[in-house]
Amino acid sequence: HVQLVESGGGLVQAGGSLRLSCAASGRTFSSLTIGWFLQAPRKEREFVAAISWSGAPTYYADSVKGRFTISRDNSKNTVYLQMSTVAPEDTAVYYCAARRTGFCVDYVSYDYWGQGTQVTVSS
């Protein structure tokens, strides 16, 4: 199976930037799609961005397109979410997740999950 560990969350002012990391471990990574999701208190988990382990293509929710960038470093088995021009509505717990293959925006379809990292954007 795949183990995922998020890091990089914290406090940031509106308009600032933050980079989240998702370190993956397991037997194989080449067929995976890695997604980032957010979950605000008492709300459903929602899609943020996703990337194939090959690095292309990438996908973004409309709400973050142009502000957030997903990337990966296969040599480090790590996927990043670069968050720029953050806003208070971006405040949430951010999770990385993995599907065995193929892109999907539905969180239910992802097979493996990290523990989440809190991002708080102050105004």
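The values are calculated or read from the model by the stated rules, or taken from the named source; none is laboratory data. All figures in this text were calculated on a predicted structure; none of them were measured in a lab. Glycine gets a Cβ as well: all are built from the backbone with ideal geometry, and neighbour counts include every protein chain shown. Note: areas computed on protein heavy atoms with side chains; ligands, DNA, RNA excluded. Shrake-Rupley method; radii C 1.70, N 1.55, O 1.52, S 1.80 Å.
Given (1) over 12 Å from the mean Cα position of the chain (by Cα); (2) exposed (fewer than 15 other Cβ atoms within 10 Å of the Cβ); (3) not in a loop (DSSP other than H, G, I, E, B), identify the lone condition not met by Val12.
The number of the failed condition is (2).
Scan the range 88-112 residue by residue and report those that are in contact with a Pro (Cβ under 9 Å, 6 or more places away or on another chain) and open to solvent by less than 30 Å² (accessible area, probe 1.4 Å).
Ala92 - this is the single residue of the range 88-112 that is in contact with a Pro (Cβ under 9 Å, 6 or more places away or on another chain) and open to solvent by less than 30 Å² (accessible area, probe 1.4 Å).
Does any residue in the range 104-121 that is more than 12 Å from Val48 (Cβ to Cβ) and β-branched (Val, Ile, Thr) come within less than 7 Å, Cβ to Cβ, of a residue that is open to solvent by less than 70 Å² (accessible area, probe 1.4 Å) and in a loop (DSSP other than H, G, I, E, B) six or more places away or on a different chain, and which pairs are these?
Matching pairs, first to second residue: Thr117/Gly8; Thr117/Gly9; Thr120/Thr91; Val121/Ala14; Val121/Val86; Val121/Ala87; Val121/Thr91.
If you check every pair at least six apart or on different chains, which have Cβ atoms under 6 Å apart with a residue in the range 36-50 that is under 18 Å from Leu4 (Cα atoms) first and a residue that is assigned to a loop (DSSP other than H, G, I, E, B) second?
Phe37/Arg45; Gln39/Arg45; Phe47/Ala61; Phe47/Val105; Val48/Ala61; Val48/Val64; Ala50/Phe103
Please work out which one of (1) at pLDDT 95 or above; (2) open to solvent by 20 Å² or more (accessible area, probe 1.4 Å); (3) closer than 16 Å to Arg19 by Cα is the condition Met83 fails and give its number.
(2)
Among strands (runs of 3 or more DSSP E) lying entirely in the range 35-77, which contain 1 or more residues that are aromatic (Phe, Trp, Tyr) and open to solvent by less than 20 Å² (accessible area, probe 1.4 Å)?
68-73
When Ser25 is evaluated against the numbered criteria (1) closer than 21 Å to Val105 by Cβ; (2) over 13 Å from the mean Cα position of the chain (by Cα); (3) in contact (Cβ under 8 Å) with a residue 12 or more places away in the chain; (4) open to solvent by 30 Å² or more (accessible area, probe 1.4 Å), which criterion, by number, is the only one it fails?
(1)
Can you tell me which residues in the range 52-80 are of a type in the set (D, E, K, R) and at pLDDT 95 or above?
The initial filter retains those residues of the range 52-80 that are of a type in the set (D, E, K, R), namely 62, 65, 67, 72-73, 76.
Within the range 52-80, Asp62, Lys65, Arg67 meet the criteria.
Read through the list (1) more than 14 Å from Val121 (Cβ to Cβ); (2) open to solvent by 50 Å² or more (accessible area, probe 1.4 Å); (3) of a type in the set (A, V, I, L, M), then give the number of the only condition that Leu32 fails.
Here Leu32 meets the rest and fails (2).
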